[in-house]
1. Is there any pair linking a residue in segment 128-151 that is over 11 Å from residue 113 (Cα atoms) and among the β-branched types (Val, Ile, Thr) to one that is modelled with pLDDT of 90 or more and assigned to a helix (DSSP H, G or I), with Cβ under 9 Å and at least six apart or on different chains, and which?
2. Considering only residues that are of a type in the set (A, V, I, L, M) and over 16 Å from the mean Cα position of the chain (by Cα), look in segment 1-35 and name the one that is surrounded by the fewest Cβ atoms within 10 Å (Cβ to Cβ).
3. Provide a single number: the residues in segment 119-131 that are in a helix (DSSP H, G or I) and surrounded by fewer than 23 Cβ atoms within 10 Å (Cβ to Cβ).
4. Please indicate, with yes or no, whether at least one residue in segment 48-69 is crowded, with 17+ Cβ neighbours inside 10 Å, more than 13 Å from the chain's Cα centre (by Cα) and among the hydrophobic types (A, V, I, L, M, F, W, C).
Amino acid sequence: MHETGWAVLDGAAAPPRLVSSGVIRTRPGVPLPLRLKAIHAELTAVIVEHAPDSCAIEEMFFTTIAVTVRATLQARGVALLAFAQAGLAGHEYNPRTVKLALTGSGRAEKAQMQAAVQKALGLADKLRPNDVADAAAIALCHLRTGRMKGLTVLDAWGGGK
């Protein structure tokens, strides 16, 4: 199963508020063009429903699994296309920048990141699955870098899941 997590935050709220979140799931046995079409359609529906004023996505980092890299890059392209079609720029953040913005350390572990997201959004529980928590972390990084004022929506592609 391939998962694309997304989160919509209200950045005008203090502290920021999680408006909505979810996961777009596609099956590996389905041809890649149809999986990309599903990701685009569902992400576009999220953008239409929530009308964000900004979008952010995780910047790609090098990995040695070529199939995962290809699928991830293509899914990112579909997300960036959905952003552009909505008239939104797709701001990109590498994992180290996201970790630094949320925890003060560019080497934070997954558990530290989840705790930081939970605290920053005032949530009773950690966001699940991890792709949703990652998406919210990217959105919080986007907020903390001062590049947006209101709502933000984002996609964090979990290519190998």
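1. Filtered contacts from segment 128-151: 145/97; 145/101.
2. Only one residue fits best here, namely 14.
3. To start, the set of residues in segment 119-131 that are in a helix (DSSP H, G or I) comprises 119-120, 130-131.
Still in the list and also surrounded by fewer than 23 Cβ atoms within 10 Å (Cβ to Cβ): 119-120, 130.
Qualifying residue count, segment 119-131: 3.
4. No, segment 48-69 contains no residue that is crowded, with 17+ Cβ neighbours inside 10 Å, more than 13 Å from the chain's Cα centre (by Cα) and among the hydrophobic types (A, V, I, L, M, F, W, C).
Yes or no, residue by residue, for (1) among the β-branched types (Val, Ile, Thr); (2) more than 24 Å from residue 122 (Cα to Cα); (3) free of Cβ contacts under 8 Å to residues at least 40 places away in the same chain:
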position: 4; (1), (2), (3): yes, no, no
position: 21; (1), (2), (3): no, no, no
position: 41; (1), (2), (3): no, yes, yes
position: 56; (1), (2), (3): no, no, no
position: 60; (1), (2), (3): no, yes, yes
position: 85; (1), (2), (3): no, yes, no
position: 92; (1), (2), (3): no, yes, yes
position: 98; (1), (2), (3): yes, no, no
position: 102; (1), (2), (3): no, no, no
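The values are calculated or read from the model by the stated rules, or taken from the named source; none is laboratory data. In this text, all values refer to a predicted model and were calculated from it rather than measured experimentally. Note: ideal-geometry Cβ built from the backbone for every residue, glycine included; neighbour counts use all protein chains shown.
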